[in-house]
Amino acid sequence: MAIAVETLNAVQLKKSIDDGSRTTLGTGDAVTFTNLPNQPVAIVAYNNTGNTTSFNVVYNNQAPTSYQIDSVQSQGFSLGLAYLINPGVTHASEITVSVPKTEQQGSSIDVYAVSLYFPLGKIQNQEIPLDGRAVHFNGYSRSYATPPLAWYALTVQSGNTGQVGLYFSGNRIDVIAVNTPNEIKEVLRTKVIATSGSGIASADFDILVNPGNSYTKNFYGVSSQLVYSPISAANTTQDGSISIQKIS
């Protein structure tokens, strides 16, 4: 999945973002996400062109690492790649993402940082009601809730295309795949979810696969925030939803 490289192929720093907001990188562009919190964070990158595109990640004083995202599919954009990190472990609060100048002309990616508290801009941030009403995914999105003390059922529904998303709770990130074959677990672990040198131990995340069109998880609310963010295509409100229902 990842190939270490010695240089950033002469990219020029494009911008610095301190709230995780989404940005678009073309060939030769770079962005540094700063002010990362001391908790799990996902750097999510999407290919938004017809070209298979490589990009580089520099984090925690490691050599640049190269990743590749397949070209856009018929739904409108590709399955995203998520690089999971935990600045609370690495004590590294910045990460740089770049697209080399050597990539095919017209190549570009959208990239943003997701955690319990951001991004704050250029994706949909929507609160999940605690009465069972569903919040629908449509484009780049992040859904959040802060359930008080009680038992709840969280349900992720999928449309015809399947749904893969990141579930943040406390110091964990779980990957939830709904309406997908069981075999996708290995694909996600090797091609979509990256954790090399990131401070995320294998015990800190899991990949949960349900071939049916919904996934339900019961949990006890402790008045702390939880977040779900899709990393699969969600171009219409029919592509998936999330709901939380108080059960006791």
Within segment 42-53, of all residues that are within 16 Å of L25 (Cβ to Cβ) and either surrounded by fewer than 20 Cβ atoms within 10 Å (Cβ to Cβ) or not assigned by the TED database to the domain that holds G88 (or both), the one modelled with the highest pLDDT is T52
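Whether any residue in segment 94-101 is among the hydroxyl-bearing types (S, T, Y), exposed (fewer than 15 other Cβ atoms within 10 Å of the Cβ) and touching a residue at least 24 places away in the same chain (Cβ under 8 Å) is what I want to check.
no
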| request: With the condition kept exactly as written, say whether any residue in segment 135-152 is polar (S, T, N, Q) and in contact with a Phe, Trp or Tyr (Cβ under 7 Å, 6 or more places away or on another chain). | output: yes
Exactly one of D70, D110, D131 is outside the structural domain of D18 (by the TED database) and out of contact with any His (no Cβ under 8 Å at 6 or more places or on another chain), and that residue is D131
Among strands (runs of 3 or more DSSP E) entirely inside segment 103-176, those with 3 or more residues being under 17 Å from V209 (Cα atoms) and at pLDDT 95 or above are 150-158, 163-169
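The values are calculated or read from the model by the stated rules, or taken from the named source; none is laboratory data. This is a predicted model, so every value here is computed, not measured. We place every Cβ from the backbone using ideal geometry, glycine too, and count neighbours over all the protein chains shown.
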